[in-house]
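**Student:** So that we are looking at the same thing, I have put the structure below in C-alpha cells.
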Amino acid sequence: MNTIGSVTRQIAAMEISNKKPTPASGSSIKPSTMKQGTQPGVTKLLTKYGAPNPFTNASNKPTNPSSLRNPLPSSSSTTLAKPGHSAQPSIDIGSYDGGLERDNEKRGERVYGEAAEELALDSSVSRRSPTREWSLHDFDMGRPLGKGKFGRVYMVRTKAEPKYIVALKTLYKSEIVQSKVEKQIRREIEIQQNLRHPNVLRLYGYFHDEKRIFLMLEFAGKGELYKQLSKLNRFSERRSSRYIDQMADALIYLHGKHVIHRDIKPENLLLGINGELKIGDFGWSVHAPGNRRMTLCGTLDYLPPEMVEGKEHNEKVDYWALGVLTYEFVSGFPPFEDRNSVNNTYRRIAKVDLKFEDKEVRLSEEVKDLITRLLRYDPQKRLPLTEVQKHPWIVKYRPKGLVRDSA
C-alpha cells in the first residue's frame, strides 16, 4: 500500500543548490539527523515562471530522472525562457510594506523547551527530501498577499538565479503554542510538502527563526477563489463543472495517498496563473491509512451527517464536501445554511434536507443529479470520485482533448 512517504522519495523539492544542508540558526535538530540531498533536479516552483532547466551542466542532472523531477510541458505549464537559457522573469512582485519588521517588533515571543524543538521546522534538515538552507535574506520581498491567523503572506522572489517567485507565509510560534496547535501545524506541513498534483498547492520548503516559521508556497497567480465567488455571487455551470472536475481529480490523488482533507470549502481554494483550481490549507487534513477518524473539524456548512452526529468518518467526508461545494458554486450559498440558527443547520444536515427551490437560479437536471448523488446520508452510497469524473454534467463541460486517467 502506497503512503505519503513513498511519493516523497520521488520529489526533489527545491533542489536549487547542491550545497550540503546545515542546521539553521536556533535549530534543535542535531547534524546527525541530516543527510546529503540528492543531486539538483529540475523543479518548477511556479508553472509560469519556472525555468525549463536551470542547470546547464549535464553532470548536475539527476541520475535517476522521473516525471516528478523533470515535469513534462503541458498546456498549463509555460515559461519565460527558451530551452538552454536561464529564466529572467520580468514580473513585478510589487512594493514591500515593511509588515514583517513591524509585526516582529510587537508580535510573538520566543518559545523554549519542547515547544521550541517541535517548531524548529527546517526543510534543509529533512530526513526524506532535504532542500538547500533558506533564510529571509534569500528573498526580495514584494507585495502582501493576505493575512492568516498566525501571520502574513507575501509575494517574494529568490535573489539567486533563476529568481523563482513564491508566496512566503509567516507563522508566529508563540501564537501557535497559545492556540495549542503545534501538532496540527507540523502535520499540515508534513502532509503538504509531500504532495505533487497540479490542483494541490505546492509547499516547496520551510525554515524558521527565533519567533517565526516561514513556508515557501506555490504562488497562486489569480488569488483566492472565494473572493471571485463573493464578487459574482455564483459561477456558471460551465465554470463550476470544470472546477469540480479538477477537485475530483485532486481528491482522488489525495485519497490515494491516504490523505483526507476534511475542510473543503471556497475559502481554502486558490486559482493558479492560468485559472486552474488549487487546493490549499491542509490545517485539518490527516494522514489516515486506517481511514477511521472521530475528530469534529471542518466548517459547519460543509460538515457531513456522520461528523455532525459524532460518528466515525473516513475519506467520504470529502465526497460530501464536494457535493456542498458544487451546490454553493452554482447557487451562491451552501445547501443546508440557516443563518438564524446553528442548530437548524445541524438538523438540516442530519436529515439531508436538500432543496432546489431558489426561483432566481434555474439549475440543470444534470447538476441536481450530481449534487443529490454526492449528498447521501450513508457515506457508502455517495457517488465515488471516479464516477463523478464520468458524470454527464462533468463530461459535458470538460475541455476538448482533456482526458482524465480515472475517467
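**Student:** With respect to Leu271, determine if the residue is farther than 25 Å from Glu366 by Cα, at pLDDT 90 or above, open to solvent by less than 10 Å² (accessible area, probe 1.4 Å) and in contact with a His (Cβ under 9 Å, 6 or more places away or on another chain).
**Tutor:** Criteria not met by Leu271.
**Student:** Based on this model, can you work out whether Gly223 counts as among the small types (Gly, Ala, Ser) and either open to solvent by less than 10 Å² (accessible area, probe 1.4 Å) or within 30 Å of Arg107 (Cα to Cα) (or both)?
**Tutor:** yes
**Student:** From Val361, Val403, Val308, Val342, which residue is out of contact with any Asp or Glu (no Cβ under 7 Å at 6 or more places or on another chain) and outside the structural domain of Gln246 (by the TED database)? Before you say what the answer is, go through the steps one by one.
**Tutor:** Details: Val361 fails: outside the structural domain of Gln246 (by the TED database); Val308 fails: outside the structural domain of Gln246 (by the TED database); Val342 fails: outside the structural domain of Gln246 (by the TED database).
Step by step, each of Val361, Val403, Val308, Val342 is checked, and only Val403 is out of contact with any Asp or Glu (no Cβ under 7 Å at 6 or more places or on another chain) and outside the structural domain of Gln246 (by the TED database).
**Student:** I'm trying to understand the selection: among the residues of region 352-375, which are touching a Phe, Trp or Tyr at 6+ places or on another chain (Cβ under 8 Å) and among the charged types (D, E, K, R)?
**Tutor:** Those that are touching a Phe, Trp or Tyr at 6+ places or on another chain (Cβ under 8 Å) and among the charged types (D, E, K, R): Asp353, Glu366, Lys368, Asp369.
**Student:** State the number of residues belonging to region 238-268 that are at pLDDT below 95 and of a type in the set (Gly, Ala, Ser).
**Tutor:** 1
**Student:** Could you please find all residues in region 365-407 being assigned to a loop (DSSP other than H, G, I, E, B), of a type in the set (S, T, N, Q) and open to solvent by 30 Å² or more (accessible area, probe 1.4 Å)?
**Tutor:** Matches in region 365-407: Ser406 only.
The values are calculated or read from the model by the stated rules, or taken from the named source; none is laboratory data. Everything quoted here is computed from the prediction, not taken from an experiment. All Cβ positions, glycine included, derive from the backbone under ideal geometry; neighbour counts span all protein chains shown. Heavy atoms of the whole protein, side chains included, go into the accessibility calculation; ligands, DNA and RNA do not. Shrake-Rupley method; radii C 1.70, N 1.55, O 1.52, S 1.80 Å.
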